[in-house]
Amino acid sequence: MKVVIIGGSGHVGTYLVPRLVMGGHKVVNVSRGKAAPYQQHAAWAEVQTVTLDRASEEAAGVFGQHVRDLQPDVVIDMICFTLDSARQLVEALRGQVQHVLLCGTIWVHGPSVEVPTIETQPRRPFGEYGIQKAAIEAYLLGEARRTGFPATVLHPGHIVGPGWAPINPAGHVTPHVFTQLAHGEEVALPNLGLETLHHVHADDVAQAFLQALTHWSNAVGESFHVVSPAALTLRGYAEAMAAWFGQPARLRFVPWPQWRETVTEEEARLTWDHIAHSPNCSIAKAQRLLEYTPRYHSLEAVEEAVRWLIAHGVVKGL
Ligand SMILES: NC(=O)c1ccc[n+]([C@@H]2O[C@H](COP(=O)([O-])OP(=O)(O)OC[C@H]3O[C@@H](n4cnc5c(N)ncnc54)[C@H](OP(=O)(O)O)[C@@H]3O)[C@@H](O)[C@H]2O)c1
């Protein structure tokens, strides 16, 4: 099939585009031409690149039409962040495509109730990002059910891979936390360290998109969590990483109001966003309906990313 991927040269596209090409699809990547995939792959030689700025094209009201003009069988939208964006695309593609797969986020959930959270839990998002993604999901699944629009929404957790810093055991992205753990230095964690993170390797997100594409009849009109098999507590994550470095974990637990004073404003903002959500999502639906089989547990995904950070001198290993 001809697959147009919007935003295909980022974390997920790095893995998804080669998987699509190797699966025999004709792939068109729509992006501004600024980002390059994190890893080289011969498959990119077969990818057509169309340079468009979605923001300015949407402002002019022509983005959806330009995507439709590419005559896709399938559209994968990696970078839809507002309901208006989703509407523009749907209106342009209605009746023209076999499948539209959109990247959401587990932030559609807000705080958990029963864990692991399943897809049918009522949405209680907070923060503009999660609220918009939940509105997009509701709109697309509503369109699928009311009008037969062939939409699927995939909700990744914290995307991890070699080439960028993963969310660390303190809940932010400053790689120095890994260096501290590597050297047996003390690391302060907020509260009791029992709040959670739910990572996923970028290649497993790519796998889920491909599985949704090939399991069309199970995927249309549905949303799916795309995360590793299990979430991590901050404490367990810190202990496991210290052990991976061959060190004892020297952890200090500090109540949030004091802990936030020990880090930068941006680190505090990120950690708060992560621990306030404390995601813990089930993949049972994706396993059952899409035969999603993640290759990486959370720690394996993080270890691969940290190995890359060490090799590039960002994390100082021993
Ligand atoms: N990061 C996470 O941990 C995480 C977690 C859950 C969900 N998500 C979801 O994952 C999706 C992002 O996927 P990703 O992490 O693979 O993306 P990414 O690494 O941020 O890459 C973004 C892609 O979009 C292109 N792009 C950005 N702005 C554009 C514009 N105005 N017009 C056209 N192309 C544009 C970029 O290329 P150019 O720069 O060359 O344009 C690149 O190809 C989002 O929907 C996000 O909500 C992410």
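The values are calculated or read from the model by the stated rules, or taken from the named source; none is laboratory data. Everything numeric in this text was worked out from a predicted model, so none of it was measured. Glycine also receives a Cβ, built like all others from the backbone with ideal geometry; neighbour counts cover every protein chain displayed. Accessible surface areas use protein heavy atoms only, side chains included; no ligands, DNA or RNA. Shrake-Rupley method; radii C 1.70, N 1.55, O 1.52, S 1.80 Å.
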Next item on the list: On the protein heavy atoms, probe 1.4 angstrom, tell me the percent of accessible surface of the chain carried by carbon and sulfur.
Entry: 53 percent
Item checked: Charge sum, other residues only, whose C-beta stays under 14 Å from V254's C-beta, Lys/Arg counted +1 and Asp/Glu -1 -> 0
Next item on the list: Between beta-carbons, use under 15 Å as the cut-off and find the net charge around G161, counting Lys and Arg +1, Asp and Glu -1.
Entry: -2
Item checked: Cα-centre dipole for the chain with unit charges at Cβ (Lys and Arg positive, Asp and Glu negative), debye to 20 -> 340 debye
Check: Got a sec? Charge dipole of the chain, +1 on Cβ for Lys and Arg, -1 for Asp and Glu; which of Q39, G61, H25 is way out at the positive end?
Finding: H25
Note to self: Under 5 Å between amide hydrogens, which residues at least 5 positions from T49 or on another chain qualify, with H placed 1.01 Å from N in the peptide plane?
What the structure shows: N29
Check: DSSP beta bridges in region 95-250, what fraction antiparallel, as a percent rounded to 5?
Finding: 15 percent
Item checked: Charge dipole (debye, nearest 20) of region 167-318; +1 at Cβ of Lys and Arg, -1 at Cβ of Asp and Glu -> 200 debye
Next item on the list: For a quick protection proxy, order the peptides 194-207, 28-41 by their average other-Cβ count within 10 Å, most packed first.
Entry: 194-207, 28-41
Item checked: Sorted peptide list for 150-163, 178-191, criterion being average Cβ within 10 angstrom, highest first -> 150-163, 178-191
Next item on the list: Write down the accessible area per residue of the chain in Å², having rolled a 1.4 Å probe over the full set of protein chains.
Entry: 42 Å²
Note to self: Residue by residue through region 191-198, what is 3J(HN,Hα) from phi via Karplus (6.51 cos²θ - 1.76 cosθ + 1.60, θ = phi - 60°)? Round to whole Hz and write x for glycine and proline.
What the structure shows: 6, 9, x, 9, 6, 10, 10, 9
Notebook entry, point to check: What are the residues whose amide H is under 5 Å from the amide H of T117, where those residues sit 5 or more places off or on another chain and H is modelled from the backbone?
Noted result: N280, C281, S282
Check: Which shape class, rounded, prolate or oblate, goes with region 247-318 when its Cα gyration tensor gives a ≥ b ≥ c as root eigenvalues, a/c under 1.5 marks rounded, and past that a/b bigger than b/c marks prolate?
Finding: oblate
Next item on the list: Would you work out if region 17-74 is rounded, prolate or oblate? Take a ≥ b ≥ c from the square roots of the eigenvalues of the alpha-carbon gyration tensor; rounded if a/c is under 1.5, else prolate when a/b is larger than b/c, oblate otherwise.
Entry: oblate
Notebook entry, point to check: Among all the lysines, which ones have a C-alpha under 29 Å from K285's C-alpha, if same-chain residues fewer than 8 places away are not counted?
Noted result: K2, K26, K133
Margin query: Going 7 Å from the Cα of V50 along its beta-carbon direction, which residues of region 77-91 have the amide nitrogen within less than 14 Å of the resulting point?
Written below: 77-78, 89-90
Check: Rounded if a/c is under 1.5, else prolate if a/b is larger than b/c, else oblate: which is the chain, with a ≥ b ≥ c the root eigenvalues of its Cα gyration tensor?
Finding: prolate
Notebook entry, point to check: What order do V115, V74 take when sorted by accessible area (1.4 Å probe), most exposed first?
Noted result: V115, V74
Checklist line | Amide proton proximity set for V160, modelled H, under 5 Å, gap of 5+ | finding: V200, H201, A202
Check: How large is ³J(HN,Hα), in whole Hz, for each residue of region 87-102 in order, when computed from phi with the Karplus curve 6.51 cos²θ - 1.76 cosθ + 1.60 and θ = phi - 60°, using x for Gly and Pro?
Finding: 4, 4, 5, 4, 4, 6, 9, 3, x, 10, 10, 7, 7, 10, 10, 10
Margin query: Quick check on the chain: of the DSSP beta bridges with both residues there, what percent are antiparallel, nearest 5%?
Written below: 5 percent
